1. I want to check a number: in the chain, how many lysine pairs have alpha carbons closer than 19 Å, given a sequence separation of 8 or more or different chains?
2. For Thr72, what charge total do you get from the other residues with a beta carbon under 10 Å from its beta carbon, if Lys and Arg give +1 and Asp and Glu give -1?
3. Placing one identical point scatterer on every Cα of segment 42-88 and ignoring solvent, what is log10 I(q)/I(0) from the Debye formula at q = 0.14, 0.25 Å⁻¹?
4. For segment 1-92, what proportion of DSSP beta bridges, expressed in % and rounded to the nearest 5, is antiparallel?
5. Pick the calculated Rg and Dmax of the Cα atoms in Å for this structure from (1) 15.2, 50; (2) 19.7, 64; (3) 12.2, 34?
6. For Arg23, Arg29, write out the residues from largest to smallest accessible area, computed with a 1.4 angstrom probe and no ligands counted.
7. How far apart, in nm, are the 7 Å Cα→Cβ label points at Glu27 and Val74?
8. Sorted by accessible area (1.4 Å probe), largest first, how do Ser54, Ser35 line up?
Amino acid sequence: MKITKTVKESKLILELDGKLDTRSAPEFRRCAESSLDGISAITLNFAKLTYMSSVGLSIILTLKKQLGPAGTLVIINAHGLVREVFEISGFDDLLAKE
């Protein structure tokens, strides 16, 4: 999996390309958590993400919790199997309204 990270003021944008599974999850966690200082909003761009296991969902929920109640986390461009993971788990409120 390839991760592109952009920080704009207090906003972290992560673009994921490939599969988010047990093999790539530790890299995703490290990349995201190492960038949280001063961050109040996270946008995850899943346009190029082709697969996500439940371990990816777990990391995303942990990130949301770390942001606290004033922070925001939104997922954009989720489609196919990735979108289904959010819908089936009941966490589709994290998906941007497209």
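1. 12
2. Details: positive: Lys11, Lys64; negative: none.
Taking every other residue near Thr72 into account, the sum is +2.
3. Taking Cα atoms of segment 42-88 as identical point scatterers yields -0.33, -0.96.
4. On the way: 7 of 21 bridges.
Of the beta bridges lying entirely in segment 1-92, close to 35 percent run antiparallel.
5. So the calculated entry is the one marked (3).
6. Details: Arg23 210, Arg29 85 Å².
These residues rank, largest area first, as Arg23, Arg29.
7. 2.8
8. Working: Ser54 90, Ser35 15 Å².
If we order Ser54, Ser35 from most to least accessible, we get Ser54, Ser35.
The values are calculated or read from the model by the stated rules, or taken from the named source; none is laboratory data. Computed from a predicted structure; not experimentally measured. Neighbour counts are summed over all protein chains in view; Cβ atoms, including those assigned to glycine, are modelled from backbone coordinates with ideal geometry. Remember, those area values only see protein heavy atoms, side chains included, never the ligands or the DNA or RNA. Shrake-Rupley method; radii C 1.70, N 1.55, O 1.52, S 1.80 Å.
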